[in-house]
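Peer 1: Handing you this structure, nothing more for now.
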Amino acid sequence: MSDHDVDLFVIGAGSGGVRAARIAAAYGARVMIAEEYRVGGTCVIRGCVPKKLLVYASRFSEEFEGAAGYGWTVPEPTFHWPTLIANVNREVTRLESAYTNTLERFNVALVKSRAVLEDAHTVRLASGARVRAETILIATGAAPYHGAQIAGLKHVISSNEAFHLEQLPKHILIQGGGYIAVEFAGIFAGLGSKVTLVYRGENILRGFDDDVREHLRGEMVKRGIRIITKQTVAAVEKVEHGYDVELSDHEQVMADLVMFATGRKPNVHGLGLEAAGVKLGETGGVAVDEFSKTTVENIYAVGDVTNRINLTPVAIREGHAFADTVYGGKPTPVDHSNVPTAVFSDPELGVIGLTETQARERLNKVDIYKTSFRPMKATLSGRDTRVFMKLVVDGITDQVVGCHIAGPDAGELIQVIGIAVKMRATKADFDATMAVHPTAAEELVTMREKAVSYGRAAAE
Ligand code: NDP
């Protein structure tokens, strides 16, 4: 007879935790899940979902601008931020209820409370109540991290607060060069704000393919975004009509909102991990094996708290695999290779696999195919924009090992290209596929000219 109150206690009702709880319950486990904030976690409440809605909102401006070339007369459009934010928040609330209902439907007990580990089998709730669990899943996610302590840091917002602003900033200064910084730069620019992006390195989106980084930067500048590289924000001072931002080279920039998107850190503090014997890994996340098991036999962790690949679908897959492994009798490791990803910048990016630089480091021969062209829609709209596409091919096996797209719907495209890459499609397979005309995507199956070949084998 078990002395446990529940079979599984999940800490954190975000994407990974909710999926794990639901699947475990469907296998017959008695499951309890604790959430201290809102059910849905980062993605639903203050991440992917509200962000994508803001992205949609921001893109109307280019449609209005381009409409004249297609014969439309559009009255001067006006934009009302409070309407957008109210509508976005309504949708977030609807999704939160949908998640809560799903938990109820699967008989998962939801406790709206912080939960802390007391030992490997005991969780303490904010009320002081203790729950004994056979297995515990940590799915507490990550939180924005502002980097160095600088003067005036209290004036700086993160993406969390961006969804609750009372008004659209006239001029926003964003620090960071990762996903969140470039996405919010595009959102605010599209909605009509003046945007200054400050990044500490040579070029935005470190880790992405260099051609894509260069292309996106050029396109962002065309959209009026000022990008300042090799600088950091040194101080933020509140002045009468906003903030006086001092950069590391002492340049002063006036802005009425300052946002940092300088990365996120796993939510591991104050969770009682030490008390339970759970160890952290080198990147600051909970250390786990391929089945998401921590250093403690009955404690698992999924999603951003493990700091593996911090993307919602990865957390969901990890949560599902955990439940299959522990409750479904199907040990399921998660394959973290070739994960497609999109950056909802303007233009959008879709990428999978190796960058050109990574391929050159790893393979004996690398063939690069790339193209940059004016999208058909821009011919009549008159928009000054180009699409960029690149295939990275193993020159020995002909396998497509990387695909990098910057342009409209790149996120949609890379989902489908992801299947081909995951199936180890070759460049010959791409070429054997008939083009869909006229589309931008047809370029992916019609690139015949090698831009360049590298490697020892290429020189032979
Ligand atoms: P990222 O890690 O992507 O980017 C952080 C940026 O901040 C980098 O440019 C980094 O520079 C810079 N930075 C870090 N520390 C400092 C510092 N002390 N001073 C100045 N600059 C600094 O984090 P984000 O916050 O953009 O996003 C977090 C994660 O959320 C992403 O990595 C991604 O996994 C996920 N996400 C995914 C999205 C999607 O799928 N579309 C959308 C949004 C987020 P450097 O490059 O030099 O390290």
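The values are calculated or read from the model by the stated rules, or taken from the named source; none is laboratory data. Predicted model, so just to flag it, every value in this text is computed and none were measured. Neighbour counts run over all protein chains shown; Cβ positions are idealised from the backbone, glycine included. Side chains included, ligands, DNA and RNA excluded: accessible areas come from the protein's heavy atoms. Shrake-Rupley method; radii C 1.70, N 1.55, O 1.52, S 1.80 Å.
Peer 1: Within the stretch 168-187, work out how many residues are among the charged types (D, E, K, R) and near the ligand (Cβ under 9 Å from one of its atoms).
Peer 2: Residues that pass the stated criteria total 1.
Peer 1: Also: Mind listing whichever residues of the stretch 2-35 are open to solvent by 10 Å² or more (accessible area, probe 1.4 Å), part of a loop (DSSP other than H, G, I, E, B) and of a type in the set (A, V, I, L, M)?
Peer 2: Residue satisfying the conditions is 29 alone.
Peer 1: Anything in the stretch 188-228 that is small (Gly, Ala, Ser) and either away from the ligand (no atom under 14 Å from the Cβ) or crowded, with 21+ Cβ neighbours inside 10 Å (or both)? List them, or say none.
Peer 2: 189, 190, 192, 193, 218, 224
Peer 1: Let me ask you something else. Checking the conditions here, which among 111, 156 is open to solvent by less than 50 Å² (accessible area, probe 1.4 Å), aliphatic (A, V, I, L, M) and within 16 Å of the ligand (Cβ to nearest atom)?
Peer 2: 156
Peer 1: Here's a follow-up. Just the residues that are open to solvent by 10 Å² or more (accessible area, probe 1.4 Å), in contact (Cβ under 8 Å) with a residue 40 or more places away in the chain and either within 26 Å of residue 343 (Cα to Cα) or not in a loop (DSSP other than H, G, I, E, B) (or both), please, taken from the stretch 282-302.
Peer 2: 300, the sole residue that qualifies.
Peer 1: Residue check: is residue 173 on the phi < 0 side of the Ramachandran plot, in contact with a Leu (Cβ under 8 Å, 6 or more places away or on another chain) and either in a loop (DSSP other than H, G, I, E, B) or open to solvent by 30 Å² or more (accessible area, probe 1.4 Å) (or both)?
Peer 2: No, not satisfied.
Peer 1: If you scan the stretch 219-259, which residues turn out to be among the polar types (S, T, N, Q) and either touching a residue at least 24 places away in the same chain (Cβ under 8 Å) or under 18 Å from residue 188 (Cα atoms) (or both)?
Peer 2: 229, 231, 232
Peer 1: All but one of (1) in contact (Cβ under 8 Å) with a residue 12 or more places away in the chain; (2) more than 10 Å from the ligand (Cβ to nearest atom); (3) not in a loop (DSSP other than H, G, I, E, B) hold for residue 361; state the number of the condition that does not hold.
Peer 2: Single failed check for residue 361: (1).
Peer 1: From 93, 100, 78, which residue is under 27 Å from the mean Cα position of the chain (by Cα) and free of Cβ contacts under 8 Å to residues at least 12 places away in the same chain?
Peer 2: On inspection, the qualifying residue turns out to be 93.
Peer 1: Got a number for residues in the stretch 36-58 being crowded, with 19+ Cβ neighbours inside 10 Å, more than 15 Å from the ligand (Cβ to nearest atom) and over 18 Å from residue 167 (Cα atoms)?
Peer 2: Here the count works out to 2.
Peer 1: A follow-up question, please. Which condition from (1) open to solvent by less than 60 Å² (accessible area, probe 1.4 Å); (2) modelled with pLDDT of 95 or more is the one that residue 167 breaks?
Peer 2: The one condition residue 167 does not meet is (1).
Peer 1: Mind telling me which of the residues 285, 350 ends up being closer than 22 Å to residue 145 by Cβ and within 16 Å of the ligand (Cβ to nearest atom)?
Peer 2: 285
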